[in-house]
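Colleague: Shown below is the structure under consideration.
Taken together, the values in this text are just the output of simple stated rules run on the coordinates, not laboratory data. From a predicted model like this one, the values you see are computed outputs, not experimental measurements. Here Cβ is always computed from backbone atoms with ideal geometry, including for glycine, and neighbour counts include all displayed protein chains.
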């Protein structure tokens, strides 16, 4: 199942309370952590909550989420695979 | 001049592993963990996960009916400690105090207020009576009749180690002969839900330093040490259990929750403790590690151990597998474990460890074994990168602890956010409709100093502290900077929102970004991160005298030459629950309005200051006796301050007749001692009533001292017993 990149970006912005950023400003392939959006470990945990709330995906170990949190695209792919059908 | 070396003469402990020192050591010797599943409160999501809960009925153990769960735990540990030290506090006059660390204080009980409000729509303010982190301090001081310097300190998981270090400082500087020092923390829905939301809890129980470790186990408990000056202990014929030979504190200044990966802050705290104890690393025979069992903490701590001890890391263990991680109490629990290990000459094991982690490359002690021990070290590291390390030595070892040197202290900068105008704030439902007139700081226009993405996770209190800290001084990277920014109630809005969310959504969809702001050191740590301040980092919390404690602590850092500059201050924020509860209790009226704000002052040694705004010539802390005796209070103040230089008394009077009469009586008693009328002024009419208000008073005192070219006495009384006086000279 495909998910809307724009909707995902909007969810990220809302979950992380990002300021002065719109979905259009986030590149699909730009890194989310470190450089790029410059997110940190607490943001990763907010993304974990978002994945459960908005997509029904439960992550119990942050290491499971790490490959998915590379970019918006990897996150979208992860959701497409893991989302309960 | 005589040096007052701190020694330990008594101990008490209550934990999931047992009640009392004997029972706890039996559990340690048998390798018996106290971790079981949770029964204290309902946890829909995590109820079956192991936790260090104390299942005994506290009343059955003799705890008083008054007080929060943390208060009762602290009281039980204090009773055992006092009995084992065989001390009578009536022989101590005003020279015995209590210094405790806690992370959540009375949160467990106050959560019932929110639960009733959310689930039943009823406003029952009673469970919040003992919410404050300083509540246990007041309860214990009243119980045992302690009238010396007393406070709580809340730096998350290093709280009680820092409290013990502060107590030692009180003894070394001659402020007290005896201190009850330690910590108490109960489990709470907030920390339980919080650490789960950070994915930091090992669902199989903690396995510190093990290859497969997957997080911590939470716990609760209390431990108290009786600290005395050596000459006082010897004079009364007390049995000395150990010396507190050294202590050190530092801040990672790295991140709100994650430790610095190389453990640089942890290593700096160990180094500071060794320096204070005048010991080489090779003298340490055992280390009680912080060892929470999280992947990052244990790796960072191992790196720090290798930095300090190179390839000769002494035997070490984390004892958290016995108790769980009792957060603010864990430093004190591990301190009594260290003293008992010295006394018995035995090394405690590290439950949960099975397989060495190649990334760590170190193996902890796995079974109890005898060993000759002279000096042992205890590590405690908290959220915000707040680190504290203690070193205990056998009583027979020579005392070598470095003593502080009195310093002349100058204030060379000040940042203030006070209320702009009196605003009327509407209390939002579900609270009963009503309006409270408040002294609000309004919209933080200076928040423009912070970029929006930096600001997004910061509470109002953190923003106020950050802005005032930045304004207080010109940053100089070559300086060693210590930070002591206290708070009476912490980031109320974030803590409230976090718990409200847990309760209303049954632990689903938690708010991991809000949880780190629930610790009282959230502001002090954020300031350290912002300014790169790697010295001691503290968040004292002592109701109305919170600021004065921070001031005292900052001066100590200059006196021990652990810092070139100390940023001292206090900050508090208003929230809807505080307004509503205060209204329910009739705390607010036309004269007494709730307030908020932040003040940070920059302190340096006077001889090194180019542009001094004022000097702080005295700070004295204590507790007043009941019934209140104004003459006795005036004597106490006159013993600390030379009245001939003083022109104004600036008091915390606020329009509450009983309290104001006490201030007025002391002011007139001081006038008669000075032989002339001293002007009595007040400041709360400008800033409103809040725990950090005396910090605002300090800024007013500086202004008055400069304007009138005379000394100003800042005198503060806390309704629950604390008192403080400081003298500000132009």
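Colleague: Determine the shape class of the range B:610-730: with a ≥ b ≥ c the square roots of the Cα gyration tensor eigenvalues, call it rounded for a/c under 1.5, and otherwise prolate if a/b is greater than b/c, oblate otherwise.
Modeller: It is oblate, given that a/c is not under 1.5 and a/b is not larger than b/c.
Colleague: Could you work out the mean count of beta carbons from other protein chains within 10 Å of each residue's beta carbon in A:46-55?
Modeller: 3
Colleague: For the range B:481-543, what Kirkwood radius comes out of the mean inverse Cα-Cα distance, in Å?
Modeller: 12.7 Å
Colleague: Continuing with this model, one more query. From the P(r) of the range B:253-326, can you give the percent of Cα pairs sitting at distances over 15 Å?
Modeller: Result: 56 percent of Cα pairs exceed 15 Å.
Colleague: I'd like to compare B:396-408, B:226-238, B:137-149, B:524-536: which one has the highest average count of other Cβ atoms within 10 Å, and what's the full order after that?
Modeller: Packing proxy ranking, top to bottom: B:524-536, B:137-149, B:226-238, B:396-408.
Colleague: Based on the mean of other Cβ atoms within 10 Å per residue, sort peptides B:345-356, B:687-698, A:73-84 so the most packed one is first.
Modeller: By packing density, highest mean first, the sequence is B:687-698, B:345-356, A:73-84.
Colleague: Same structure, new question: Calculate the mean, over all residues of peptide B:503-513, of how many other protein chain Cβ atoms lie within 10 angstrom of the residue's Cβ.
Modeller: 3
Colleague: Any idea what Rg and Dmax come out to for the protein assembly as shown if you just take the C-alpha atoms, in Å?
Modeller: 25.5, 87
Colleague: If you take the Cα Rg of chain B and divide it by 2.2 N^0.38 Å, with N the number of residues, what do you get?
Modeller: 0.88
Colleague: Then there is this: What whole number of Å gives the distance from the Cα centroid of the range A:65-85 to the Cα centroid of the range B:107-183?
Modeller: So the separation of the two Cα centres works out to 45 Å.
Colleague: Taking each residue in A:32-44, count the Cβ atoms of any other chain within 10 Å of its Cβ, then average. What number comes out?
Modeller: Mean shielding by partner chains, rounded to a whole number: 3.
Colleague: Taking each pair of different alpha-carbon atoms in the range B:343-386 once, compute 1/r for the pair, average those values, and report the inverse of that mean as the Kirkwood hydrodynamic radius in Å to one decimal.
Modeller: Roughly 13.0 Å, rounded to one decimal.
Colleague: Semi-axes of the equivalent ellipsoid for the range B:503-601, please: Cα gyration tensor eigenvalues, times 5, square-rooted, ordered largest first, whole Å.
Modeller: 30, 22, 10
Colleague: Does the range B:662-730 classify as rounded, prolate or oblate by the C-alpha gyration tensor (a ≥ b ≥ c root eigenvalues; a/c under 1.5 gives rounded; else a/b over b/c gives prolate, otherwise oblate)?
Modeller: It is oblate, given that a/c is not under 1.5 and a/b is not larger than b/c.
Colleague: Right, here's the next one. Could you give the radius of gyration (one decimal) and Dmax (whole number) of the Cα atoms in the range B:268-426, in Å?
Modeller: Rg, Dmax (Cα atoms, Å): 19.7, 66.
Colleague: Could you work out the pair-distance distribution P(r) of the range A:15-82 from its alpha-carbon pairs, with 10 angstrom bin width and percents rounded to whole numbers?
Modeller: 19, 60, 21, 0
Colleague: Restricting things to alpha carbons, find the Rg to Rh ratio for the range B:103-203 using the Kirkwood radius for Rh.
Modeller: 1.07
Colleague: Post the alpha-carbon centroid distance, the range B:34-78 to the range B:593-660, in whole angstrom.
Modeller: Here the two parts' Cα centres lie 39 Å apart.
Colleague: Which order do peptides B:46-56, B:606-616, B:266-276 fall in by mean Cβ count within 10 Å, highest first?
Modeller: Ranked from most to least packed, the peptides come out as B:266-276, B:46-56, B:606-616.
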